[in-house]
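The values are calculated or read from the model by the stated rules, or taken from the named source; none is laboratory data. Nothing here was measured: the structure is a model prediction, and the numbers come from that model. Note: ideal-geometry Cβ built from the backbone for every residue, glycine included; neighbour counts use all protein chains shown. For the accessible areas, the whole protein counts, side chains as well, though only heavy atoms, and no ligand, DNA or RNA atoms are used. Shrake-Rupley method; radii C 1.70, N 1.55, O 1.52, S 1.80 Å.
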Amino acid sequence: MEKLYKRFLAFIIVPVIIAAFPFLVFANTGAAAPYDWYFKPEKDNSQPQCMPEADFIDEYNTVYLGSADTPTLYLTFDAGFDNGYHEKILDTLKEKNVKAAFFVDGNFVKKNPELVKRMDAEGHLVCNHSLNHPDMTKYTSFSEYEKQIKGWEELITQLGLTPRKYFRFPSGRFSEQALEYNEQLGLTTVFWSFAYYDWEINNQPSHEAAKEKIYSRVHNGAVLLLHSTSKTNCEILPQVIDDLRSKGYEFDSLENFKR
């Protein structure tokens with residue numbers, strides 16, 4: 001009888017607590033625990049395994065790996081500053097008729113308004129990378145988290161543009177709670193299924209090393225993350241686009257993403 005009584009209390013009371021105090025559920029179930037996004041690359045152009053331990057990812061509006069059945073690639077760039085390569089990258093994308101997504105933080109938007117306007121005008125997605133590029137998992141309060149999202153959107157609005165509802169976590173650090181916050185804010189969270197060591201501006205890979213990494217690990221449905229502050233990326237981009245197309249791949253916008 002005592003066991004039945006305890007089960008009854010659990011059945012009645014627990015759902016009430018969850019409905020009234022959802023933040024307690026996050027705290028008690030570890031949903032605020034941080035993860036660092038990663039994937040296990042393959043060298044035979046097959047799709048990688050992405051974050052197998054974070055099985056909650058697909059319960060949210062996320063993008064990281066497209067259809068294995070079609071040779072479609074989604075090109076994305078991350079940047080917190082401009083060091084002279086964005087104009088050339090945009091020239092290449094225009095020449096090759098490729099639409100990309102640029103994840104830029106508030107610092108980039110403030111210091112490079114004309115670049116941001118050009119990205120938008122040429123059909124690229126200018127996407128939210130947070131206001132100040134912090135560890136977003138440290139914001140356990142929704143109101144504090146929201147400031148990083150809305151602050152970035154306000155900067156974009158001040159440029160006369162409409163903020164896009166795509167978000168990428170700075171450094172790929174996330175939590176289930178943060179994904180839930182993104183959901184509440186109407187955001188699509190964008191991770192990736194290809195990246196390589198390209199972000200150290202004083203330790204850039206050679207052209208051949210970079211192309212070897214890209215060509216050996218590219219795959220159907222790849223969400224490619226490149227840093228647009230990379231000298232190597234800027235210089236090899238025209239040939240990489242041509243070479244990947246010659247291998248049968250086509251580029252598409254995240255707006256047309258298909259699993």
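Brief remarks follow.
- TRP199, TRP152, TRP192, ranked by accessible area, largest first (probe 1.4 Å): TRP199, TRP192, TRP152
- Probe 1.4 Å, protein heavy atoms only - accessible area per residue of the chain in square angstrom: 49 Å²
- Each residue of region 44-58 was assigned a 3J(HN,Hα) from its phi angle through the Karplus expression (A = 6.51, B = -1.76, C = 1.60, θ = phi - 60°), giving 10, 6, 8, 5, x, 8, 10, 6, x, 7, 9, 6, 7, 3, 6 Hz with x at Gly and Pro.
- For PHE56 and GLU250, the difference between the fully extended length at 0.36 nm per residue and the C-alpha to C-alpha distance is 66.9 nm.
- Whole-percent carbon and sulfur share, accessible surface of the chain, 1.4 Å: 52 percent
- Considering only beta bridges that DSSP places wholly inside the chain, some 20 percent are antiparallel.
- Separation in nanometres of the label points that stand 7 Å from Cα toward Cβ, at LEU159 and THR70: 2.9 nm
- Region 154-197, relative contact order in percent, only Cα pairs under 8 angstrom and at least six apart counted: 41 percent
- √(5λ) per eigenvalue of the Cα gyration tensor, the chain, largest first, Å: 37, 22, 15
- Crossing angle, helix 231-246 versus the chain [Cα axis fit, 0-90 degrees, rounded to tens]: 90 degrees
- Nearest-10 value in Å² for the accessible area of ASP243, using the 1.4 Å probe: 40 Å²
- Two-site FRET efficiency, LYS147 against GLU114, from Cβ-Cβ distance with R₀ of 30 Å, rounded to 0.05: 0.70
- Candidates SER130, SER216, SER175, ranked by Gaussian network fluctuation over the chain, Cα under 10 Å, top entry: SER216
- Pairs from LYS88/LYS211; LYS138/LYS211; LYS150/LYS231; LYS88/LYS150 whose Cα-Cα separation, in the structure shown, is over 25 Å: LYS138/LYS211; LYS150/LYS231; LYS88/LYS150
- Cα centroid separation, region 213-259 to region 120-182 (Å): 24 Å
- Remark: region 121-217 carries a charge dipole of roughly 100 debye about the Cα centre, counting +1 on each Lys and Arg Cβ and -1 on each Asp and Glu Cβ.
- Residues in region 83-92 carry Karplus couplings, in order, of 10, x, 9, 5, 4, 5, 4, 5, 4, 5 Hz; the curve used is 6.51 cos²θ - 1.76 cosθ + 1.60 with θ = phi - 60°, and Gly or Pro positions show x.
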